[in-house]
């Protein structure tokens, strides 16, 4: 199997060939989702725990659906209704879950490096469902899958990542994957929402939204993380929309052959206008469907490491 890892902790650790392998696997699973019977008995022996320490809608439901489509047994953990509320540490929570002999762990946590910590501690595959502002590998994979379904390849594509890049784990994983597959990546945000040193990403960046969007094949609009606005990164939501929102006028700057993406949840009327979010060139709901297929592919691939 051309995939060397026992866990999926981030796209940083994957080669271009490994990323393409997962995208190819997802294509087969995507076809299953179009059938009347959307379930296969492939992983009836597998028990997966979804360990979510942060709120989530799309990612959590997508993972649970992927696991159930593969006939795995699923255990959902929520920090808000667990012994974490009583002061239990992450280490003790993980120890107790592993003592129940689960086969795989999916984890989302606000602290960078938590999936890596769990992977070092246990002998079962771990999937990073988002750790702090670090990585969100399955979101990036589903974004890459969606782009490839539209364009067939990545070489020469101009892909703009627009918005709150400073706080975005989605941006970091996307940048890594897109670079490895040959796309030309441009980051665009107000200076306060770019990292302190944007050069660390090794891609182009600009604060000029019209320059960024001009001739772009893909624009991936990031959520403005409103919960962080008390830090004063922007003057107001109105001003952000005025200068940085993806409006129908700005969308006309894109290449004639383009798609508009958003990882969700959307702040309609802030980072993206409603008419743009609902336009025919927007693939947001396709991303959601593709996310189930990608997560099926990742779970299936890592389950093969257990059986192997």
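What follows draws every value from the coordinates through simple rules; no lab data is involved. The model shown is predicted, which means the values in this text are computed figures rather than measured ones. In this analysis, Cβ positions are derived from the backbone assuming ideal geometry, glycine residues included, and neighbour counts consider all displayed protein chains.
Tabulated results
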quantity: DSSP-defined antiparallel bridges as percent of all bridges, the range 79-215, nearest 5; calculated: 10 percent
quantity: Cβ-derived FRET efficiency at R0 35 Å, residue 98 paired with residue 153, nearest 0.05; calculated: 0.30
quantity: 260, 161, 61, 97 arranged by Cβ crowding within 10 Å, fewest neighbours leading; calculated: 61, 97, 260, 161
quantity: P(r) tail fraction, the range 137-283 - alpha-carbon pairs more than 24 Å apart, %; calculated: 23 percent
quantity: Candidates 206, 192, 57, ranked by Gaussian network fluctuation over the chain, Cα under 10 Å, top entry; calculated: 57
quantity: Mean separation of Cα contacts under 8 Å, 6 or more apart, over the residue count of the chain: relative contact order %; calculated: 21 percent
quantity: DSSP-defined beta bridges in the chain - what % are antiparallel, rounded to 5; calculated: 5 percent
quantity: Among 202, 245, 163, residue whose mean-square fluctuation peaks in a GNM of the chain (springs only between Cα atoms under 10 Å); calculated: 202
quantity: The chain: most fluctuating residue of 34, 135, 271 per GNM, C-alpha cutoff 10 Å; calculated: 34
quantity: Helical mean residue ellipticity (222 nm; -39500 (n - 2.57) per DSSP H run of 4+; nearest 500) of the chain; calculated: -11500 deg cm²/dmol
quantity: Principal axis dimensions, largest first and in whole angstrom, of the range 1-124 by Cα; calculated: 44, 34, 26
quantity: Label-point separation in nm, residue 257 to residue 38, each point 7 Å along Cα→Cβ; calculated: 3.1 nm
quantity: Label-point separation in nm, residue 268 to residue 210, each point 7 Å along Cα→Cβ; calculated: 2.9 nm
quantity: Angle between the chain longest axis and helix 90-99 axis [Cα atoms, degrees, rounded to 10]; calculated: 40 degrees
quantity: Helix 137-151 axis, angle to the chain major axis (alpha carbon atoms, nearest 10°); calculated: 60 degrees
quantity: Angle between the chain longest axis and helix 58-69 axis [Cα atoms, degrees, rounded to 10]; calculated: 40 degrees
